[in-house]
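Quick notes on the structure that follows.
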Amino acid sequence: GNRITVPLVSEVQIAQLRFPVPKGVLRIHFIEAQDLQGKDTYLKGLVKGKSDPYGIIRVGNQIFQSRVIKENLSPKWNEVYEALVYEHPGQELEIELFDEDPDKDDFLGSLMIDLIEVEKERLLDEWFTLDEVPKGKLHLRLEWLTLMPNVSNLDKVLTDIKADKDQANDGLSSALLILYLDSARNLPSGKKISSNPNPVVQMSVGHKAQESKIRYKTNEPVWEENFTFFIHNPKRQDLEVEVRDEQHQCSLGNLKVPLSQLLTSEDMTVSQRFQLSNSGPNSTIKMKIALRVLHLEKR
């Protein structure tokens with residue numbers, strides 16, 4: 001008879017789905033604008049006023065909003081955002097400027113930049129003419145950062161972003177932490193004896209925290225979820241993980257991984273069952289974690 005062959009999904013493809021590594025990181029220096037339209041009018045329109053401009057910046061599903069600068073047609077924001085870029089053809093950086101108003105914010109122009117172009121150039125620092133409006137331009141500095149699986153550039157990167165002892169959590173990123181949360185085993189039971197907990201995992205690095213989905217009535221939860229954290233300085237920051245029982249709001253165990261440990265691991269990756277502290281005697285959590293140094297290559 002006729003055989004229908006089903007192509008098997010390769011181990012490699014599964015590994016990539018389970019551990020998606022971004023193609024790059026886009027660092028957006030949202031610097032200043034000039035010659036924007038004055039949208040606020042006074043005295044029944046006789047006096048042309050200023051605008052209170054701000055920007056909305058989008059890359060994929062990541063959205064950033066700048067602060068508002070009052071009464072200024074040449075605002076200087078000097079803000080920086082960092083966005084993950086995955087393998088998407090035609091992915092764009094999309095920017096819209098608005099004038100903040102009590103009722104409805106007025107549109108001051110937009111800009112679309114093809115990320116393929118930024119990736120090719122590595123660094124773009126220029127004034128862009130705003131679209132869909134008669135006047136106005138926007139000054140951006142865009143850096144395409146590649147993800148390096150080794151520490152050779154880390155010290156230079158730390159110097160470049162002025163990584164500082166005092167603000168281990170603030171400022172630009174030198175690295176990306178990619179985390180695959182697989183599962184946990186032998187979690188202690190919830191408050192009621194013999195009842196299974198509803199485990200949820202809270203992960204944090206410095207001020208940045210993320211949370212897994214809740215799994216119900218199990219001490220063997222399987223999550224299979226991916227997370228990423230921007231890291232300012234992996235030499236002095238820790239990944240903190242806590243498993244909590246969502247039902248009784250109590251801790252089922254925790255774990256601290258100094259990121260410096262990853263700097264010395266092969267491929268800057270660790271994949272293992274970690275023993276949980278303050279938990280049952282054989283309570284473990286299975287994770288794969290990797291660091292990638294964010295490097296601005298010269299063209």
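Here are some notes:
- Any hit, segment 164-172, residues being among the small types (Gly, Ala, Ser), closer than 28 Å to Ser212 by Cα, in contact (Cβ under 8 Å) with a residue 24 or more places away in the chain and touching an Asp or Glu at 6+ places or on another chain (Cβ under 9 Å): yes
- Answer residue from segment 95-151, given it is over 18 Å from Pro75 (Cβ atoms) and of a type in the set (S, T, N, Q) and is modelled with the lowest pLDDT among those: Asn150
- Out of Gln91, Gln62, sole residue that is without any contact (Cβ under 8 Å) to a residue 40 or more places away in the chain and in contact with a Gly (Cβ under 7 Å, 6 or more places away or on another chain): Gln91
- Count of segment 89-105 residues, restricted to those that are part of a strand (DSSP E or B) and surrounded by fewer than 16 Cβ atoms within 10 Å (Cβ to Cβ), is 1.
- Taken as a whole, the structure places Glu119 among residues that are within 19 Å of Ser174 (Cα to Cα), part of a helix (DSSP H, G or I) and touching a residue at least 60 places away in the same chain (Cβ under 8 Å).
- Selection of segment 4-39 for residues being farther than 30 Å from Ile113 by Cβ and either under 29 Å from the mean Cα position of the chain (by Cα) or at pLDDT 70 or above (or both) yields Val9, Ser10, Glu11, Val12, Gln13, Ile14, Ala15, Arg18.
- Which listed residue is within 17 Å of the chain's Cα centre (by Cα) and surrounded by 13 or more Cβ atoms within 10 Å (Cβ to Cβ), from Leu138, Leu176, Leu111, Leu73: Leu176
- When residues of segment 179-211 are limited to those that are among the small types (Gly, Ala, Ser), at pLDDT 95 or above and farther than 23 Å from Leu147 by Cβ, the one surrounded by the most Cβ atoms within 10 Å (Cβ to Cβ): Ala184
- 1 or more residues surrounded by fewer than 17 Cβ atoms within 10 Å (Cβ to Cβ), free of Cβ contacts under 8 Å to residues at least 60 places away in the same chain and not assigned by TED's automatic domain parsing to the domain that holds Leu124: qualifying strands (runs of 3 or more DSSP E) within segment 222-299: 222-231, 238-245, 250-258, 269-275
The values are calculated or read from the model by the stated rules, or taken from the named source; none is laboratory data. The structure presented is a predicted model; accordingly, all values stated were derived computationally and were not measured. All Cβ positions, glycine included, derive from the backbone under ideal geometry; neighbour counts span all protein chains shown.
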